[in-house]
Amino acid sequence: MLKYLINLLFPKLCLGCNALLLNNEKIICSECNHNLPHTNHHFLEHNDTTKKFYGIIPIEFSASMLYFHHKGIVQNLIHNLKYKNHQEVGSLLGKWYAKDLENISQIQTVSEIIPVPLHKKRLEERGYNQVTTFCEALSKELEIPYNPNLLYRSRYSKTQTKKDKENRKDIANSLFDVNFTEADQNKHFLLVDDVMTSGATLESCAKALLKIPNSKVSVVTIAYTLS
Ligand SMILES: [Zn+2]
């Protein structure tokens, strides 16, 4: 009864389109779920994300889950995840994406899941890293440890706060570094970010991880911006 009243007073809305959610729907309505622009990158050896790294940095496997369109469902989902504390979006998408990834041979050799870190200052402002719940869901479903302490942001990047295009040169210039010991050697890291645009952030993170002897890096993101 109480639950019914709460629902009546504070109806749950779809985080993709703001439509009223039906009783059997959670977080995303059936229509948004049906219309989610899946990239199906994981079926393709050469996809939009792998092309960003060609000739720049060796990446074992890379894929984005969804296409990011302005004013689309994915933009709303990411906005809710990133700025409105709707971290359940990351949990749900991570759970779904794990099903796509679990049969990929390269993913089966991954030793740890590594989030693209936020700068301390940003983490304090926002209170959470928007990729944490996505990483945690992947970690749980794929049974791969999650390690948010290896990679850190060594310099604060203003370009990331605004909607400016990522400045590849600025970001790639050692914004990230690793805190590693001998125990972190010989591992295959799965680097995870929310949205891939130019790929510069991921490139910089991957470069830092590859400083660890005998390491390998794969990359997945929630969304990919078509440019
Ligand atoms: Zn919806």
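So that you can scan it fast, the table gives a plain yes or no per residue for (1) surrounded by fewer than 10 Cβ atoms within 10 Å (Cβ to Cβ); (2) modelled with pLDDT under 95; (3) touching a strand residue (DSSP E or B) at 6+ places or on another chain (Cβ under 7 Å); (4) not aliphatic (A, V, I, L, M):
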{"position": "Met1", "(1), (2), (3), (4)": "yes, yes, no, no"}
{"position": "Asn7", "(1), (2), (3), (4)": "no, yes, no, yes"}
{"position": "Cys17", "(1), (2), (3), (4)": "no, no, no, yes"}
{"position": "Lys26", "(1), (2), (3), (4)": "no, yes, no, yes"}
{"position": "Glu31", "(1), (2), (3), (4)": "no, no, no, yes"}
{"position": "His34", "(1), (2), (3), (4)": "yes, no, no, yes"}
{"position": "His38", "(1), (2), (3), (4)": "no, no, yes, yes"}
{"position": "His42", "(1), (2), (3), (4)": "no, yes, yes, yes"}
{"position": "Glu45", "(1), (2), (3), (4)": "yes, yes, no, yes"}
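Show the residue pairs that are 6+ apart or on different chains and have beta-carbon atoms under 6 Å apart, the first residue being within the stretch 14-43 and within 17 Å of Asp100 (Cβ to Cβ), the second being more than 7 Å from the ligand (Cβ to nearest atom) and part of a loop (DSSP other than H, G, I, E, B).
His41/Asn47; His42/Ile104
Name, by its number, the condition in (1) on the phi < 0 side of the Ramachandran plot; (2) within 16 Å of the ligand (Cβ to nearest atom) that does not hold for Asp100.
(2)
Could you look through the stretch 3-58, keep only residues that are at positive phi and polar (S, T, N, Q), and pick out the one that is nearest to the chain's Cα centre (by Cα)?
Of all residues in the stretch 3-58, those at positive phi come to 18, 27, 40, 55.
With polar (S, T, N, Q) added as a condition, the list becomes 18, 40.
On the way: Asn18: 22, Asn40: 16 Å.
In this case the residue turns out to be Asn40.
Only one of (1) touching a Ser or Thr at 6+ places or on another chain (Cβ under 6 Å); (2) modelled with pLDDT under 95; (3) crowded, with 19+ Cβ neighbours inside 10 Å is not met by Arg153, so which one is it?
Exception for Arg153: condition (1).
Please work out which one of (1) away from the ligand (no atom under 16 Å from the Cβ); (2) of a type in the set (Gly, Ala, Ser); (3) at pLDDT below 95 is the condition Ser62 fails and give its number.
Every listed condition holds for Ser62 apart from (3).
Quick one: count up the residues across the stretch 5-47 that are near the ligand (Cβ under 9 Å from one of its atoms) and in a loop (DSSP other than H, G, I, E, B). Give the steps one after another, and end with the answer.
Quick first cut of the stretch 5-47, residues near the ligand (Cβ under 9 Å from one of its atoms) only: 13-19, 21, 25, 28-33, 35.
Next, only the ones that are in a loop (DSSP other than H, G, I, E, B) stay: 14-19, 21, 25, 29.
The qualifying residues number 9.
Does the stretch 49-59 include one or more residues that are more than 18 Å from Glu102 (Cβ to Cβ) and within 16 Å of the ligand (Cβ to nearest atom)?
Within the stretch 49-59, not a single residue is more than 18 Å from Glu102 (Cβ to Cβ) and within 16 Å of the ligand (Cβ to nearest atom).
Could you pull out the residue among Lys82, Lys71 that is among the basic types (Lys, Arg) and in contact (Cβ under 8 Å) with a residue 60 or more places away in the chain?
Values: Lys71 fails: in contact (Cβ under 8 Å) with a residue 60 or more places away in the chain.
After ruling out the rest, the residue left standing is Lys82.
Inspect all residues belonging to the stretch 157-164 and state whether any of them is charged (D, E, K, R), surrounded by fewer than 19 Cβ atoms within 10 Å (Cβ to Cβ) and modelled with pLDDT of 95 or more. Outline the logic, then answer.
From the stretch 157-164, those charged (D, E, K, R) are 158, 162-164; that's our starting set.
Filter once more, keeping what is surrounded by fewer than 19 Cβ atoms within 10 Å (Cβ to Cβ): 158, 162-164.
If we keep only those that are modelled with pLDDT of 95 or more as well, we get none.
No, the stretch 157-164 has no match at all.
Quickly run through the stretch 123-147 and pick out the residues that are crowded, with 17+ Cβ neighbours inside 10 Å and not polar (S, T, N, Q).
To start, the set of residues in the stretch 123-147 that are crowded, with 17+ Cβ neighbours inside 10 Å comprises 129-139, 142, 144, 146-147.
Correct list: Val131, Phe134, Cys135, Glu136, Ala137, Leu138, Leu142, Ile144, Tyr146.
Scan the stretch 60-97 for residues that are under 20 Å from Leu142 (Cβ atoms) and not aliphatic (A, V, I, L, M) and jot them down.
Glu60, Phe61, Ser62, Ser64, Gln87, Glu88, Gly90, Ser91, Gly94, Lys95, Trp96, Tyr97
The values are calculated or read from the model by the stated rules, or taken from the named source; none is laboratory data. Source: prediction; values computed, not measured. Cβ atoms come from the backbone with ideal geometry, glycine included; neighbour counts cover every protein chain shown.
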